[in-house]
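**Q** If you scroll down you'll find the structure; I have some questions about it.
The values are calculated or read from the model by the stated rules, or taken from the named source; none is laboratory data. Source: prediction; values computed, not measured. Glycine also receives a Cβ, built like all others from the backbone with ideal geometry; neighbour counts cover every protein chain displayed. Heads up: the accessible areas ignore ligands, DNA and RNA and are worked out on the full protein's heavy atoms, side chains in. Shrake-Rupley method; radii C 1.70, N 1.55, O 1.52, S 1.80 Å.
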Amino acid sequence: MSRPITLVTGGSRGIGAATCLRLAADGHDIALAYAQDESAARTVAAQVREAGARALAVRADTSHEPDVDRLFDTVAAELGPLTGLVNNAGVTGLLSPLAEASTDDLRRVLDVNVLGTLLCCRRAVRDMTAHGTPGAIVNVSSGAATLGSPGEYVHYAASKAAVDTITLGLSKELGPDGIRVNGVAPGLVDTDMHATMGDPDRPARMAPGIPLRRAADPSEIAAGIAWLLSEDASYTTGTVLRIAGGR
Ligand code: NAP
């Protein structure tokens, strides 16, 4: 059987980087998209190659349609027909109550988390149906979608609830084409994202309120994503797997 070819957006750091490494170990060839951090993207690509898989790193803003088209065109030309997509690229903006959030942050969060997911799903579906390749999509949501995240980022929580609805609707739309669509909803994960949102100590500070009393390692989220992409999940579609330490 030929190797799966999987695109991970936001694959340069955090959960996306851990997912690239896990999928490479599971036998996938990997394309990863990143926004800015070329050096991190190169490092992940090199680690994927060390694991014996093909790797391609492409700078592309997933909320920008021409970038998305260039990304998918490059992956098809360099690696072949895509069989898997992990919509992982996501942003939160700065932590704050809604009253203090800037319009720029609100727009950026919706653009990257919702429009970006839609653009990448749309292009993946077009490519997969054109090639007749049964495929699988995993959308990275957040526990925030059901918690609402008051005082922190209600707009981000709402964007992830939209991601869950995309997962549900697309799974029904694409089931007859043999394309499975699922999500993972991580809880608190130890990545750079907390420093980016203005609170680097957030994982340590919030750990006591989590039933498992700690933040997740990104590899623990990658394991769920890898399972949803695998043949072991062949009858699983339209589900959102919560990986949140009981939160
Ligand atoms: P992270 O460490 O901040 O990494 C974000 C990744 O996304 C980076 O690779 C970044 O690229 C990329 N990215 C950001 N905007 C992009 C864009 N417009 N186009 C393409 N790539 C873009 O984040 P993370 O914590 O791993 O989060 C990954 C996903 O998990 C997100 O969807 C997030 O909402 C979700 N999540 C995270 C947590 C958590 O506690 N960390 C919890 C629940 C859900 P550069 O390296 O180039 O900047």
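**Q** Does any residue of segment 198-214 turn out to be among the aliphatic types (A, V, I, L, M), within 16 Å of the ligand (Cβ to nearest atom) and touching a Ser or Thr at 6+ places or on another chain (Cβ under 9 Å)?
**A** Checking segment 198-214: not a single residue is among the aliphatic types (A, V, I, L, M), within 16 Å of the ligand (Cβ to nearest atom) and touching a Ser or Thr at 6+ places or on another chain (Cβ under 9 Å).
**Q** Of all residues in segment 172-213, how many are in a loop (DSSP other than H, G, I, E, B) and either within 18 Å of ARG242 (Cβ to Cβ) or at pLDDT below 95 (or both)?
**A** The qualifying residues number 8.
**Q** Another one. Among LEU106, LEU94, LEU147, LEU168, which is open to solvent by 40 Å² or more (accessible area, probe 1.4 Å), within 12 Å of the ligand (Cβ to nearest atom) and either over 16 Å from the mean Cα position of the chain (by Cα) or touching a residue at least 60 places away in the same chain (Cβ under 8 Å) (or both)?
**A** LEU147
Listed here are the residues, each with its yes/no results for (1) surrounded by fewer than 20 Cβ atoms within 10 Å (Cβ to Cβ); (2) in contact (Cβ under 8 Å) with a residue 60 or more places away in the chain.
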residue: SER142; (1), (2): no, no
residue: GLY175; (1), (2): yes, yes
residue: ASN182; (1), (2): no, no
residue: ARG213; (1), (2): yes, no
residue: ILE221; (1), (2): no, yes
residue: ALA244; (1), (2): no, yes
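**Q** So, one more: For the condition in contact with a strand residue (DSSP E or B) (Cβ under 9 Å, 6 or more places away or on another chain) and within 12 Å of the ligand (Cβ to nearest atom), what is the one hit in GLY245, GLY175?
**A** It is GLY245.
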